[in-house]
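Note sheet for the following structure.
Computed from the coordinates by the stated procedures, all read-outs in this text should not be read as laboratory data. This is a predicted model, so every value here is computed, not measured. Neighbour counts are summed over all protein chains in view; Cβ atoms, including those assigned to glycine, are modelled from backbone coordinates with ideal geometry.
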Ligand code: AMP
Ligand code: ZN
């Protein structure tokens, strides 16, 4: 059985097939580099990274391409606001993105193309679309895709033509401010945007005059470059990209090339905060650094973001982070018990057992591995692992069996991208409710209400937190 994955296009779980002998062609829409990525973005990137790892463990070679979006309204606006050139500005945030990816133990993509580095390819694609009658130039020197020329438009998102809204604002929050009356139809979207004063120095020459590409075009052009214009097997992104971005990618690429753009569409659900999508525009975001400042290690963040079903929204809470920290500690105790049987140390575990080379048999972890191969069911995988841990297998194993279990477990950790024995130094912030209780206790103590202060100290302790008094306040530590 190969790896199975839900496909948005067919609305069903399908095997991820490759052409024989070819690596699986996997393209992911990458970050817009105008600030640090938030952990909502990282939920999507981590899920993609985990799928790639599962494919590798399953024996499938993957060509993983994830682009850098360094040219859109947001990168231009912000670089100009900070008085930096677009390239210096985006280089700074690309570097930060790489550092965060590394901290989260993400594999580097095979290729990481950027939009600015693909301007000629984007222009060539627009020319092809104009030539074939799928695009038209307007008087102001912009070029639009003629949605009415592509019967299949809407097939991914299942939006009927009459329901397609004007794309004055797309899901990236990018405003298409070209004069609407120039467009033949409100559903037509910009492939090339004529030069505007607010773009500053960020314009390029084209057959239609100076300007810059529209945002949707970059992915079609970069997929072409990276995969020689061939149909790709897999395309990933957050669910917000399904429409219009991915729909537009399909339209551009299929009209230009006359063959399928992509076979399998992989969308992940959002990270939410109190019912709303975590996003920069809502200001409800956390970055990896924000959480580090609160003593939460990147590995705890990785565990949290990949542990739920990728097709379900995940609600961000500090309680969730605390639970992940405890779960990682339980995994560490499990490994320590097995290492005590084999006589090996933690370094040996990390260097020899964490590998993409799958054992012939996952043994008592077979269910956990099957869960990963069946639509990336990380929750069921972790459930099976903790089920086994609960039965305390180390107690009855000899060294050889312990070694076999470590091999299977190390391979699962590789697939999940989890590193153990790296998180101990990170103290975790107490949940707000605990801090509030501890504050009430501090206030009672200041008021010399000793009975109430003791009661509140016990209440905090009962919830797993110890109050450590300081001269002018208190710290909270996990019991
Ligand atoms: P951006 O940097 O805005 O281009 O987004 C990068 C990736 O993050 C895209 O695949 C988005 O769909 C995804 N994304 C944005 N917000 C969230 C969120 N709250 N949860 C999960 N993925 C998200
Ligand atoms: Zn894209």
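Nearest 5 percent is fine: what portion of the DSSP beta bridges confined to the chain is antiparallel?
Roughly 55 percent of the DSSP beta bridges within the chain come out antiparallel.
Cα centroid distance between segment 1-39 and segment 224-246, in Å?
Here the answer is 8 Å between Cα centres.
Is the C-alpha gyration tensor of segment 432-478 telling us rounded, prolate or oblate? Criteria: a/c under 1.5 is rounded; beyond that, a/b larger than b/c is prolate, otherwise oblate.
Here segment 432-478 falls in the oblate category.
What FRET efficiency comes out for residue 367 versus residue 337 if R0 is 25 angstrom and r is the Cβ-Cβ distance? Round to the nearest 0.05.
Efficiency for this residue pair is about 0.80.
Can you give me the relative contact order of the chain as a percent, contacts being Cα pairs under 8 Å and 6 or more apart?
Rounded, it is 17 percent for the chain.
Going by how many other Cβ atoms sit within 10 Å of their own, how do 468, 325, 92, 74 line up, fewest first?
Result, fewest neighbours first: 468, 92, 74, 325.
Set the Förster radius R0 to 22 Å, insert the Cβ-Cβ distance between residue 346 and residue 294 as r into 1/(1 + (r/R0)^6), and round the FRET efficiency to 0.05.
0.25
Quick one: go through segment 318-348 and flag any residue whose amide nitrogen is under 14 Å from the point 7 Å out along the Cα-to-Cβ line of residue 392.
334, 337-338
Order 347-358, 202-213 from most to least packed using the mean count of other Cβ atoms within 10 Å.
Descending packing order for the listed peptides: 202-213, 347-358.
Grab the beta carbon distance between residue 198 and residue 400, set R0 = 45 Å, and tell me the FRET efficiency rounded to 0.05.
For residue 198 and residue 400, the calculated efficiency is 0.05.
Relative contact order of segment 432-478, please, whole-number percent, based on alpha carbon pairs below 8 angstrom and at least 6 residues apart.
31
Which shape class, rounded, prolate or oblate, goes with the chain when its Cα gyration tensor gives a ≥ b ≥ c as root eigenvalues, a/c under 1.5 marks rounded, and past that a/b bigger than b/c marks prolate?
Oblate is the answer for the chain, as a/c is 1.5 or above yet b/c matches or exceeds a/b.
Taking other Cβ within 10 Å of each residue's Cβ, how do 186, 126, 273 sort, fewest first?
186, 273, 126
With the cut-off at 1.5 for a/c, could you classify segment 4-268 from its C-alpha gyration tensor as rounded, prolate or oblate?
Oblate is the answer for segment 4-268, as a/c is 1.5 or above yet b/c matches or exceeds a/b.
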